[in-house]
Amino acid sequence: KEEKQEEKENRETKEVQTAEIKIDNVPQKSPKKIKTVQCKVMLLDGTEYSCDLEKRAKGQVLFDKVCEHLNLLEKDYFGLLFYENSEQKNWLDSSKEIKRQIRSLPWIFTFNVKFYPPDPSQLTEDITRYFLCLQLRQDIASGRLPCSFVTHALLGSYTLQAELGDHDPEEHRSDYISEFQFAPNQTQEMEEKVAELHKTHRGLTPAQADSQFLENAKRLSMYGVDLHHAKDSEGVDIMLGVCANGLLIYKDRLRINRFAWPKILKISYKRSNFYIKVRPAELEQFESTIGFKLPNHRAAKRLWKVCVEHHTFFRLVSPEQPPKAKFLTLGSKFRYSGRTQAQTRQASNLIDRPAPYFERTSSKRVSRSLDGGVKFHFFFIKSLPKWYGTAVNIWSSLYWVCSICVHYSYLF
């Protein structure tokens, strides 16, 4: 009996050892390599942010990375733009995979203001107002945001105060203004007016100068208006503008009609046509539908989405939930998925951190040609390579770049 018991135990031991050897010989599966794509984002101060993202990443992942890099908490007013071609711009949808929205590699975006706050003073942090200022300075200098001579001069003087501080007669010579760009067609007369107004802002801190800049910029008639090319029912070229207050119609740069959001019952598109259904006026009984012709179907859908997003952000307390999926559905299921202005204001009130430090970047520079015209070449001191160590190297490098670029006009 004892011999049989020993044989049985030895046999079991061998079986266990054999099983362990088999397990050890099973080849281990190597972990799957995660495919990544390089992303490049041009920021409002002219610098570039780069990162690698998983190929299947959604837009929200990239947007959060950019805002974290900028130390920006009030981020719902901003977005990421990409261009299908030189004219067609699209906002990156944060709820969808990036690869389904942009085809070209590498993924290239620009960080821009998407929803212009009607009252910038209600923004909580100075850094948010600073980025809004950078966007508006680009809009004004490029001509997208038209200004009068007086407004150009006033806004330019606040820009100088924010970037240079108080006017110093010894440091700021008569030609110090010519290095800055305030308008698409900048004249000597305008620069003299800017210098004159700059002297009156003594004592304003950069943050206060930014606030004064925004208080004046928000009153411009085209502030925060997103323009789209279209034709009216008679085939006349017009521009449709979407803003916080509703839909605006322009002809020859003059506003000819305005439809506030409360007056609009429905917005829709079909093929390349865009429609708005408006409430009847006081003396009317029936609703009316107004149609516009867009360049193509994609342009009509793009305008419709911009309207949906602006209406939701500025008019609703919270976003509408997308319709539940059914076996057969008609029409687009798109809904704005971010926070509304009401929600972001509530979140901003809960921000509890010291005012974040940020480095202000010098405005875009210009050089004057012999005929008195302005040649634009944009350059940001902050974006110089890190190996330019001393101030001498920085200014000599700046002079070298300017000498190359002096023959190129800025075209937006």
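The values are calculated or read from the model by the stated rules, or taken from the named source; none is laboratory data. Please read all numbers here as calculations on a predicted model, not as lab measurements. Reconstructed Cβ throughout: ideal geometry from the backbone, glycine too, with neighbour counts over all protein chains shown. All accessible areas refer to the heavy atoms of the entire protein, side chains included, with ligands and DNA or RNA removed. Shrake-Rupley method; radii C 1.70, N 1.55, O 1.52, S 1.80 Å.
Some points to look at:
- Cβ-Cβ FRET estimate between GLU192 and LEU227, R0 fixed at 25 Å, reported to 0.05: 0.20
- Within straight-line reach of LYS266, meaning a Cα separation under 20 Å, sit the following aspartates and glutamates at least 8 residues removed in sequence or on another chain: ASP226, ASP232, GLU282, GLU284, GLU287, GLU309, GLU320.
- Of the GluC sites (Glu not before Pro) found in the stretch 75-173, those that fall in a DSSP loop while having at most 15 other beta-carbon atoms within 10 Å are GLU84, GLU87, GLU170, GLU171.
- Sparse packing (at most 13 other Cβ atoms within 10 Å of the Cβ) combined with a DSSP loop state is found for the following trypsin sites (Lys or Arg not before Pro) in the stretch 68-119: ARG103.
- A 1.4 Å probe run over the protein chains yields, for the stretch 181-263, 53 Å² of accessible area per residue, whole-number rounding.
- For the stretch 274-302 versus the stretch 90-162, the gap between their alpha-carbon centres in whole angstrom: 29
- Loop-located chymotrypsin sites (Phe, Trp or Tyr not before Pro) across the stretch 242-307 with a Cβ neighbour count of 11 or fewer within 10 Å are PHE286, with loop assigned by DSSP.
- Solvent-accessible surface of the stretch 54-137, averaged per residue with a 1.4 angstrom probe and all protein chains in place: 45 square angstrom.
- Maximal additional length on extending the ARG360-GLN101 stretch stands at 89.9 nm, based on 0.36 nm per residue less the C-alpha distance.
- Heavy-atom accessible surface of the stretch 96-210: percent carbon and sulfur, 1.4 Å: 50
- Counting only heavy atoms of the protein chains and using a 1.4 Å probe, MET239 has close to 50 Å² of accessible surface.
- The portion of the accessible surface of the stretch 220-320 made up by carbon and sulfur, rounded to a whole percent, is 48 (1.4 Å probe; DNA, RNA and ligands excluded).
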